[in-house]
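Everything below concerns the one structure shown next.
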Amino acid sequence: MEIKNGVAVVSGGASGLGEATVRHLLARGARAAILDFAQDRGEKIAAELGPDVLFCKTDVTDGASVQAAIDRTMEVFGAVHFAVSCAGVAPGAKVLGKEGQPLDIAKFNQAVQINLIGTMNVIRLAAARMNKNAPNADGERGVVINTASIAAFEGQFGQAAYAASKAAVAGMTLPIAREFADYGIRIVTIAPGLFETPMMAGMPPKVYEGLINMTLFPKRLGRPVEFALLAAQIIENPMLNGETIRLDGGIRMQAR
């Protein structure tokens with residue numbers, strides 16, 4: 001699909017990968033709604049970027065909240081063509097703690113609710129709007145982009161909750177693509193490696209260096225704009241569908 005004149009909804013759009021995607025799509029001529037819980041940051045970005053960006057305070061775990069954001073996007077921009085899910089958390093907790101105490105299941109549930117249920121809320125409600133779009137020459141009505149993680153495949157020590165939630169996002173991509181084919185809606189998941197995001201901020205230098213050493217090339221963290229570049233390519237390339245794409249500099253995570 002063409003990015004220019006399209007309308008995107010981006011969950012987690014007030015920071016990190018989501019913010020970079022909003023900025024890049026805007027620069028390519030799209031309009032965008034930021035769906036995020038961080039109201040101050042979201043409103044600041046929307047004010048900075050102007051009338052082609054809308055902020056909607058959104059709890060992605062709450063279907064009614066996501067629906068309200070989709071409805072507001074329709075009111076302001078009149079359509080939804082692209083949905084990018086970047087909202088996520090990465091809790092670190094072992095299944096058995098130092099003293100043998102079991103994992104607090106609330107931490108596991110939080111990861112599932114935000115990373116998986118939140119992604120599904122955006123998918124199902126955005127796709128319901130996309131299905132009403134007039135198809136282009138290929139019969140295409142919309143594009144859905146999800147964010148998994150390389151932890152879906154190589155989760156590290158203490159990442160059971162995060163890895164499980166992201167593996168589920170990757171796992172549901174093909175079944176949804178098969179279903180959405182009847183509606184002319186494509187769906188692709190990006191599995192980023194180590195990126196310069198708030199989630200990675202505050203790492204001790206020793207940990208940072210260890211992670212960089214696991215990366216083949218380039219020997220650095222990914223830049224959020226590089227995620228945005230892939231999101232744009234997915235939108236524009238109609239043959240990308242039903243796939244989870246690693247964006248990781250060739251890293252293969254070790255156990256710790």
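The values are calculated or read from the model by the stated rules, or taken from the named source; none is laboratory data. This one's a predicted model, so the numbers in the text were calculated from it and none came from an experiment. Cβ atoms come from the backbone with ideal geometry, glycine included; neighbour counts cover every protein chain shown.
Give me a count of the residues in the stretch 53-89 that are surrounded by fewer than 16 Cβ atoms within 10 Å (Cβ to Cβ), among the charged types (D, E, K, R) and part of a loop (DSSP other than H, G, I, E, B).
Total satisfying the criteria: 1.
Among the residues of the stretch 144-181, what is the count of those that are of a type outside the set (Asp, Glu) and out of contact with any strand residue (DSSP E or B) (no Cβ under 8 Å at 6 or more places or on another chain)?
Count: 20.
For residues that are in a helix (DSSP H, G or I) and of a type outside the set (A, V, I, L, M, F, W, C), scanning just the stretch 175-190, find the one that is surrounded by the fewest Cβ atoms within 10 Å (Cβ to Cβ).
Only one residue fits best here, namely 182.
Only one of 108, 37, 77 is over 20 Å from residue 225 (Cβ atoms), under 16 Å from the mean Cα position of the chain (by Cα) and of a type outside the set (S, T, N, Q); which?
Answer to the check: 37.
Any idea which of 8, 20, 14, 33 is touching a residue at least 40 places away in the same chain (Cβ under 8 Å), in a helix (DSSP H, G or I), buried (at least 22 other Cβ atoms within 10 Å of the Cβ) and of a type outside the set (S, T, N, Q)?
Answer to the check: 20.
Pairs needed: first member in the stretch 216-228, in a loop (DSSP other than H, G, I, E, B); second member anywhere, polar (S, T, N, Q); C-beta distance under 8 Å; at least 6 residues apart or different chains.
Filtered contacts from the stretch 216-228: 219/213.
Run residue 234 past the list (1) touching a Phe, Trp or Tyr at 6+ places or on another chain (Cβ under 8 Å); (2) touching a residue at least 24 places away in the same chain (Cβ under 8 Å); (3) outside any loop (DSSP other than H, G, I, E, B) and report the number of the one that doesn't hold.
All conditions are met except number (1).
Is there a residue being assigned to a loop (DSSP other than H, G, I, E, B) and over 18 Å from residue 187 (Cα atoms) anywhere in the stretch 116-131?
No, the stretch 116-131 contains no residue that is assigned to a loop (DSSP other than H, G, I, E, B) and over 18 Å from residue 187 (Cα atoms).
Has the stretch 242-250 got any residue that is surrounded by 13 or more Cβ atoms within 10 Å (Cβ to Cβ), charged (D, E, K, R), under 21 Å from residue 122 (Cα atoms) and touching a helix residue (DSSP H, G or I) at 6+ places or on another chain (Cβ under 9 Å)?
Checked the stretch 242-250: at least one residue is surrounded by 13 or more Cβ atoms within 10 Å (Cβ to Cβ), charged (D, E, K, R), under 21 Å from residue 122 (Cα atoms) and touching a helix residue (DSSP H, G or I) at 6+ places or on another chain (Cβ under 9 Å).
Filter the stretch 165-194 for residues that are touching a helix residue (DSSP H, G or I) at 6+ places or on another chain (Cβ under 7 Å), modelled with pLDDT of 95 or more, over 22 Å from residue 7 (Cβ atoms) and not charged (D, E, K, R) and give the result.
Residues satisfying the conditions are 165, 167, 168, 169, 170, 191, 192.
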